[in-house]
Amino acid sequence: MRGAKSAKWVAGAAIIALAATACGGGEDSKSNEGAKGAVDPDGIFSIEVGEPQNPLQPANTMESNGSIVTDAIFSQLVDYDPAGKLEMINAESVDTTDSKLWTVKLKKDWKFHDGTPVTSESYVKAWNWAANITNAQTNASWFDGIKGYADVHPAEEGAKPKADAMSGLKIVDDHTFTIELDAPLPYFAYKLGYTVYSPLPESFYADPKAAGEKPVGNGAYKFESWDHKKQIKVVRNDDYKGLDKAKNGGVIFKNYTTIETAYEDLKSGNVDVLRQIGPKDLPVYRADLGDRAVDKAYSAIQTLGVAMYQKQWKDTDPKVLQGLSMAIDRDTITKTVLQGTREPATGWVAKGVLGYQPNVAGDVTKYDPAKAKALIKEGGGVPGNKIFIQFNADGGHKEWVEAVCNSITQATGVECAGDSKADFQADLDARDAKQVKSFYRGGWVLDYPVNANFISDLFRTGAAGNNGFFSNKDLDAKIKAADTAPSLDESVKAYQEVEKELVNYMPTIPLWYYKVNAGYSEKVQNVDYAQDGDPILTQVEVKK
Amino acid sequence: MGRYVARRLLQMIPVFIGTTLLIFLMVYTLPGDPVRGLFGDKGADPATLAAMRHQLGLDQPILVQYWEYMKGIVLHFDFGTQIASGRPVTDVLGDAFPVTLRLAGMAFVIEIVLGLGLGMAAGLRAGRLTDNVVLVLTLLIISIPVFVLGFIVKSVFAFELGWIAPNVSNDATWGELVAPAIVLGSLSLAYVARLTRTTMAENLRSDYMRTAVAKGLPRRRIVGVHLMRNSLIPVITFLGTDLGALMGGAVVTEGLFNVKGIGGTIFESIVRREGTTLVGLVTVLVLVYLFMSLLVDLLYAVLDPRIRYA
C-alpha cells in the first residue's frame, strides 16, 4: 500500500523535474538535450557520511567516516583498479630490483590545492612527521618496516624519538626519492596506496590542528567547508592531473543521526548516495529503489576469533574448531537473519583481493552436522562442552550471534551463548586484556588488496590485528618467507599456500564476506562501490 | 527575598561540584578506553597509545584530571577538547545547544498551552464527557512509547499525506521542528493535563472557593485567580524539572527526526567515552536544572501568598 503510494509520488516529482529542465534548459545545454541521463559535469551530489571522529589529517584517520573524506582530498602515489591491480597516480613509477630499496619518481606538474608544487619533500617530510611519536598519529605504525622507523617511533612507552627523520627515506631530486626498507617486502608498493602515505603541503606543519579542520591536499577534490555535525563540502579540483579526475562538480558529505533517517531522505530526494541500508529497510529497499538498489560484495570478512590463550583452546586439537565451523549453517543464516547482506565465506582472504582463492577451506566452511559432530569427537570434544561468542551490543550483532549459537548447539549439542559487551570499546578492552572467554566477533576490511593483508596482519605472532593471540612458529616462518619472496607474484603465491594451511590451525573461524547494501537517488548515475565498500566518488555523474 | 536567592545561589556551588565529580568518575570507571577505541579492529601499538594519552593528559591520576578540568571551566570557561576530533568542547556545545533549545522550547510551549488547556477543560467539568475524553486521550499518549509515536507521526504526515518533510534538515528551521516538538512534548503534555485536572477538581471543592462564590465574584476571577493560582503549584514543580528533561532526554526523538541536538551528542559521547564532552554537556544541564528549580521555588511565593521567603 505504502509502496504504491510512494511510487506515485516519485513519478509526480519526476514529471515536475522534467518540466523544470525543459524551461530552464537555455541554449548552452542544447547539445545534451533529450539524451537519456544527460550529465551535468558541474553537478554537485550529496552522500550520507557520519561526522568524522578525528581531524582530517591523513595519518590520523582510521574510521570510515573520516577516511572517505580524506581520500577525496588527498591522492597518493598509487591506487588500485577494481581488479586489485596497481595504478600509478601521483607517481610516474615505483621501481625496485630487490624489493628492499624502492625508487619513486613523481609526475612533474602536480600541485597542492594552495598552488604549491608536490615534490619529493612533500612526501618524505609528511611521512617523517606522521611516523614521529611526538605527533601521536593513529596510523603511525604503517611506517614500520621503513629503515629508521624505530628511531622516530621507539617501541617503549613514553620514550623520546632519537631522530627527526627515518634514515630509509632519501630525497634524490625534486621529483625522485628512495625508500629503503628493513627487509624486502614484495608488496610494499601496494601499501603506498593507503591514505597514510599522502603528501602534505608546507602549510600543514605551521598548524597541524588547523590543517585538520581545513585540509589542503593534492587530490581530485578541494576542501571547501566543514560545518561540524552537519556537512562537509568538497568541490572538484580543476587542476587535477590524476587519472581519477572527478566527473562531477563536487560532493557534500551529509551527516545523519541514523541510517534510517538517511534512507527516508534518499526516498524524498534530499540525499543522493547511501553507503548502507538499515535493517529496518533491507526487506523493502530493492522494491523501493528498483535498479538503483546496490547489492555488491566488497573485500571484508567477518570471523569468529579464537581466544587461543584460554585453557579451553590452548591444547585443544584444531579438529574441534573445524567441527564447530562445520556446525554453522552459513547459507541459511546469511539469507534469513542477515537478510542477504553477507555472503558465506569459504576462506580467510576476502574476495577482490590479489591472491583470493575460492573454497580454500574446503569442507570446513560447509554445513555438515554429522561430520561436525564426528570431528569434535575425534578432536577430544570441546573442553567444558560450552562456548561463548563475545560481541558488542551496539553493533547489531546479537541476532546473528544467536543464530550461529543455535546452529552449533543443534548440530553438535555443544552449549553456546552470546557474551554481550555493552559497546565496541568494552569489547576491545576485553580482547586486549585477554579476557575473551572462547570466541570473539572479528571483522577485517582490507587496507591494501593483497592477500598478505588478510594473513600477515591477522595471524602473525604479535601482529596488531591478532586479537586472539594466535602464535605458531611454523606459520610465522612461512609468513616471513612469503614476505621476503623475490617478486610480488611469488609472494602472493606463497601467501596462498599459507592460507591453504590455515585450515590445520584454525586461528579464526571464517563466517562470511560483507556486501554493500546501498542505493542512490534518481539525480545521479554511474554509482559504483570500491573494494573497501565506499562509493567511488569521482565516477559519479549528476544528471541534468 | 534577596538573601534567600543569594543563599540558594551559594548552595549551587557544592551541588555543581558534586554532580560534575560524580559524572567524571562514572565515565572514568566505564570499561573501554577512548584512545584504544580510535583504532578499532586494527589494533594499536602501545607507544602510540601512550603518546596520545600523554598529550591528552589521560595518563594523570583521575583527581588531577578533574582538578585541571574544573580549573579550565571556572577560570577560562574552557570545557577542554574532544579526545578524537580535538575540537574544543565549547564549539560542540555551541553547535548542539541552539537546536536543542529551540526544540525543547517549542515542546515546552506546546506542553504548557495544550496541557493546561486540556487539564482545565477536564478539571472544570470533572466527571462529565469532556473529562472522560481527555482522560482517554492522555492515557493513550502516556501508554504509547515515544518512538512509536514518532514513527506514526512520520508515516502519516510525511509519507502518506506529504505535509511535512520526514527529516529535519541542517538548518533546523522552526517549521521543521514542529513535528519533533509535538512528539517530544506529548508525554509531558499528558502529565500536565492529568496534574492540572486533579488539583483543579480538588480545589473546586475547597472552602476558599465556596467563599469566593458566596462573595459573588465573577466566574472569570474565581477560576482565573483563586482556583488557578493554587492549582498551579504542583504543575509548576513538574514543568520546572521537565524543561531539563526535554533538553537532555530527547535522544529518541532527535534520532528519529535527524535533529543534531544535545541528546544525541550525550549518547555519542558515552559511546565514545568522551569524558570531557559528556561532563561539559551535563554541567550545562545541571545548571539549567538548578536555575529552573530556583525559579520554581520563587514562583511558589507568587502563587501562594502563604509562602514567604525571608
Shielded residues, the stretch A:218-237 - accessible-area loss of 50 Å² or more between chain alone and all protein chains, probe 1.4 Å: A:His228, A:Lys229, A:Lys230
Quick check: at a probe of 1.4 Å, how many percent of the accessible area of the stretch A:44-255 sits on carbon and sulfur atoms? 50
Counting pairs of alpha carbon atoms under 8 Å apart in space and at least six apart in sequence, what relative contact order in percent does the stretch A:300-515 give? 36
In sequence order, calculated HN-Hα J values of the stretch B:51-63 (Karplus, 6.51, -1.76, 1.60; Hz; x Gly/Pro): 5, 5, 4, 5, 4, 7, x, 7, 8, 7, x, 4, 5
Förster-model FRET efficiency, 22 Å R0, B:Met292 and B:Thr90, C-beta, rounded to 0.05: 0.50
What accessible area per residue comes out for the protein assembly as shown, rounded to a whole number of Å², with a 1.4 Å probe? 43
Given 0.36 nm per residue, what is the gain on full extension from A:Asp174 to A:Thr461 after removing their alpha carbon distance, in nm? 99.3 nm
Any idea what the relative contact order of the stretch A:44-255 is, in percent, if you count C-alpha pairs under 8 Å spaced at least 6 apart? 30
Kindly compute the accessible surface that chains B and A hide from a 1.4 Å probe when together, both sides summed, and give it to the nearest 100 Å². 4300
Accessible carbon and sulfur surface of chain B relative to its total accessible area, %, 1.4 Å: 70
Using θ = phi - 60° and the Karplus relation 6.51 cos²θ - 1.76 cosθ + 1.60, list the HN-Hα couplings for the stretch A:259-266 in order, rounded to whole Hz, with x at every Gly or Pro. 6, 5, 5, 4, 5, 4, 5, 5
Please give the FRET efficiency for A:Asn526 paired with A:Leu282, using the beta carbon to beta carbon distance and R0 = 25 Å, rounded to the nearest 0.05. 0.55
Calculated from backbone phi, Karplus (6.51, -1.76, 1.60) coupling profile of the stretch A:58-72 in Hz, x at Gly/Pro: x, 7, 10, 10, 10, 7, 5, 5, x, 5, 5, 6, 5, 5, 6
Run the numbers on the stretch A:118-137: which residues show a drop of 40 Å² or more in accessible area, chain on its own versus all protein chains together, using a 1.4 Å probe over heavy atoms? A:Ile133, A:Ala136
Would you mind putting A:319-326, A:110-117 in packing order, based on average other-beta-carbon counts within 10 Å, highest first? A:319-326, A:110-117
Net +/- balance of residues flanking A:Gln339 in space, Cβ distance below 12 Å, scoring K and R +1, D and E -1: +2
Cα gyration tensor, chain A - rounded (a/c under 1.5), prolate or oblate: oblate
Around A:Asp81 (Cβ within 11 Å, Cβ-to-Cβ, excluding A:Asp81; K/R +1, D/E -1) the net charge comes to -2
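Suppose R0 equals 45 Å; then what is the FRET efficiency for B:Arg229 and B:Glu160 from their Cβ-Cβ distance, rounded to the nearest 0.05? It would help to have the intermediate numbers written out before the result.
Details: r = 44 Å, r/R0 = 0.98.
Efficiency at R0 = 45 Å is approximately 0.55.
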Amide H contacts under 5 Å for A:Glu87, placed H, 5+ residues apart: A:Asp79, A:Tyr80, A:Asp81
Any idea what the relative contact order of the stretch B:90-273 is, in percent, if you count C-alpha pairs under 8 Å spaced at least 6 apart? 34
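Keeping the other protein chains in place, figure out the carbon and sulfur percent of the accessible area of the stretch A:284-418, with a 1.4 Å probe.
Carbon with sulfur: 50 percent of the solvent-accessible area.
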The farthest towards the positive end of the charge dipole of chain A, of the residues A:Tyr367, A:Gly396, A:Thr138, given +1 on Cβ of Lys and Arg and -1 on Cβ of Asp and Glu, is A:Tyr367
Please average, across the residues of A:50-57, the number of beta carbons from any other chain that are within 10 Å of each residue's own beta carbon, and give a whole number. 4
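The values are calculated or read from the model by the stated rules, or taken from the named source; none is laboratory data. The shown structure was predicted, so the numbers you read here are calculated from the model rather than taken from an experiment. Positions of Cβ are backbone-derived with ideal geometry, glycine not excepted, and every protein chain shown enters the neighbour counts. Note: accessible area is taken over every heavy atom of the protein model, side chains too, but ligands, DNA and RNA are not part of it. Shrake-Rupley method; radii C 1.70, N 1.55, O 1.52, S 1.80 Å.
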